[in-house]
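S.K.: One structure, as structure tokens, below. Some questions next.
The values are calculated or read from the model by the stated rules, or taken from the named source; none is laboratory data. No experiment lies behind these values; they were computed from the predicted model shown. A quick note on method: Cβ atoms are made from the backbone with ideal geometry, for glycine too, and the neighbour counts reach across all protein chains shown. To get the accessible areas, we keep the full protein, side chains included, count just its heavy atoms, and leave off ligands, DNA and RNA. Shrake-Rupley method; radii C 1.70, N 1.55, O 1.52, S 1.80 Å.
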Amino acid sequence: MKLIRTEDAVGHVLCHDMTQIIKDQYKDARFRKGHIVTEADIPVLLSMGKEHLYVWEMTPGMVHENDAAERLLALCGQENMTRSEVKEGKIELKAACDGLFQVDSRRLIAVNSIEDIMIATRKGNTAVKKGDKLAGMRVIPLIIEEERLRAAEAAAGTAPLLKLLPYVKKTAAIVATGSEVKNGLIQDTFTPVVRDKLAAYGIETVSVLYSGDGVDNVANAIAEARQTGADLILGTGGMSVDPDDNTPGGIRQSGAHIVTYGAPVLPGAMFLLGYFEDDTPIMGLPGCVMYAGATIFDLALPRIAAGVEMTRTDFAVMGEGGLCLGCRPCHWPDCPFGK
């Protein structure tokens, strides 16, 4: 850095905060470190008693923190997101709509492994609301070598590091299994829970069918549910390995390709996900969905609602973080479950 006359500082970068004090009115940094001095700033600085300023000597191959933040923002992508103005070398991204937030973890780690570069995000594959904070980025020093920014750009590649996918599934059909429910011996307390969880993602339940027991009955009810044109189908109950639990068999018989029957998540180990040939998803929901605050269903539903086709690997990686701690009261989603 170097010391120059304030009158000669236009276009230069301040090395530290400049505090202005007005008795009984104001005491704060009038100009922040990294501020680029403009012609209009000169009278203000002189009125603050600043006849000389310490400024950075910008040399070839160096980039100011504000410009560097813009370069990092370009790596992240901004579709369905809103950005802040750059402030003190930092830019933040927020959600412009409800949806599923995704992060390319491998490439983000590669970028953050470069010295003096940082992009911080919320956890990927999580549901977000419009206005939620998604990410923040900046470089650590006031100025940074162009070479490091190019290394970050190379590590990131050409695809955006971040995505926000709006929910595209709008309708659902529920197949409620069990003869005791179909015959009215007990009240159906499962369907209202599922209906409410779907509604949180803008999904309308257009059909509820009571199949009773038996693999054939369940498969026939699923076939009827498909005729409604619903974007996804859910079978409730009958998901354990007991001989009289027929939902998995009914889903198989209905023609769905099973991605997984079972997941390394508690509660929700007996969860099932499959897809029909037209890519319509079908889920088998274990009983825990009815009474637990958060289950595997809450982890999978945002992805399904956003139209993401899940794989066996997607479920395998849920094991780390997939243990609900059973807090009372339940704090979901503000807790470590699924994260």
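S.K.: Summarise the accessible area of the chain (1.4 Å probe, protein heavy atoms) by the percent that is carbon and sulfur.
M.R.: About 51 percent, which is the carbon plus sulfur part of the accessible surface.
S.K.: Heads up, I need the accessible area for R30: 1.4 angstrom probe, whole protein in place, Å², nearest 10.
M.R.: Looks like 110 Å² after rounding.
S.K.: Just add up the charged neighbours of A200: K/R +1, D/E -1, any other residue whose Cβ is under 13 Å from the Cβ of A200.
M.R.: Cβ neighbours under 13 Å give a net charge of 0.
S.K.: Can you give the accessible area per residue of segment 189-231, in Å², using a 1.4 Å probe?
M.R.: 48 Å²
S.K.: Cα centroid distance between segment 275-312 and segment 133-177, in Å?
M.R.: Here the answer is 23 Å between Cα centres.
S.K.: Let me ask something else about it. Quick one: angle between helix 296-305 and the longest Cα principal axis of the chain, in degrees between 0 and 90, rounded to 10, please.
M.R.: 70 degrees
S.K.: Here is a follow-up. Within 10 Å, Cβ to Cβ, of A135, how many net charges do the neighbouring residues add up to if Lys/Arg are +1 and Asp/Glu are -1?
M.R.: +3
S.K.: Can you give the charge dipole size of the chain about its Cα centre, rounded to the nearest 20 debye, using +1 on the beta carbon of Lys and Arg and -1 on the beta carbon of Asp and Glu?
M.R.: For this selection, approximately 560 debye.
S.K.: Go ahead and run the numbers for FRET between E204 and R107, Cβ-Cβ distance against an R0 of 45 Å, rounding to 0.05.
M.R.: E between E204 and R107, to the nearest 0.05, is 0.80.
S.K.: What does the helix-only formula give at 222 nm for the chain: each DSSP H stretch with n ≥ 4 adding -39500 (n - 2.57), the total divided by the residues, and the result rounded to the nearest 500 deg cm²/dmol?
M.R.: When only DSSP H runs of four or more count, the value is -7500 deg cm²/dmol.
S.K.: Counting only C-alpha contacts under 8 Å and six or more residues apart, can you give the relative contact order of the chain as a whole percent?
M.R.: 12 percent
S.K.: Given a Förster distance of 22 angstrom, what is the FRET efficiency for E85 paired with V168, based on the Cβ-Cβ distance and rounded to 0.05?
M.R.: Taking R0 as 22 Å, the efficiency between E85 and V168 is 0.10.
S.K.: Could you point to the label whose value was computed as Cα extents along the principal axes in Å for the structure here, given (i) 140, 50, 34; (ii) 89, 47, 34; (iii) 62, 58, 48?
M.R.: Answer by label: (ii).
S.K.: Given springs between every Cα pair under 10 Å in a Gaussian network model of the chain, which of Q25, Q102, Q78 has the largest fluctuation?
M.R.: Maximum fluctuation in the GNM of the chain, among the listed residues, is at Q25.
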